[in-house]
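S.K.: Next up is a structure, given as structure tokens.
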Amino acid sequence: MPSTRPMQPWLGLAGWWLLSFAAAAVGALASIQARAFYGQLAQPPWAPPAAVFGPVWTLLYALMGLAAWQVWRAGGWSRRRVALGLFVAQLAANAGWSWLFFGWHLGGAAFADIVVLWLLLVATVRVFWRARPVAGALLLPYLGWVSFAAALNWRVWQLNPLALG
């Protein structure tokens, strides 16, 4: 991303979506066999069907890119370095979770990662809200989903200690 806002703001939006969906793609590489692996794990009764995850994450990544674009438009990298740096850090933690859980079957490490992701995300929501309240609000569904995912990660890990050791 450039340090100043481009004359064509829609190109900036495309860039933030590209970054967000690139993080999604990195996580998806680890999740190629996720449906089969996840399907054989014991699940709590409140776990959603596997088919829910793809559409939910697609929407959340779109909202993430839109939120980052809003903050970037409110000052660019030079004025919003902390906020946008937190955003990039939480994207990295998000992508890493898929590798830990689905790629390497490390339930405890995945849970630690999602706790870090949650903390980074709370910080990101706070600084985004200060820059542009709508940007912070756009991340609230993501925060809710990550909170739910953390609880699910914990429970699935506890139910499957051998598979997720």
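Every number here is computed from the coordinates shown, using simple stated rules; none is lab data. All figures in this text were calculated on a predicted structure; none of them were measured in a lab. Note that we place each Cβ from the backbone using ideal geometry, even for glycine, and neighbour counts take in every protein chain shown.
S.K.: Checking R81 against (1) touching a helix residue (DSSP H, G or I) at 6+ places or on another chain (Cβ under 8 Å); (2) over 23 Å from A42 (Cα atoms), which single condition isn't satisfied?
M.R.: (1)
S.K.: I'd like to check which helices (runs of 4 or more DSSP H) are fully inside the range 1-75 and have at least 1 residues that are under 14 Å from the mean Cα position of the chain (by Cα) and closer than 22 Å to L121 by Cα.
M.R.: Details: elements: 9-30, 34-39, 50-73.
Ranges flagged: 9-30, 50-73.
S.K.: Additional query: Pick from the range 47-62 the residues that are aliphatic (A, V, I, L, M) and surrounded by fewer than 18 Cβ atoms within 10 Å (Cβ to Cβ): which of them is farthest from G15 (Cα to Cα)?
M.R.: Here the residue is A47.
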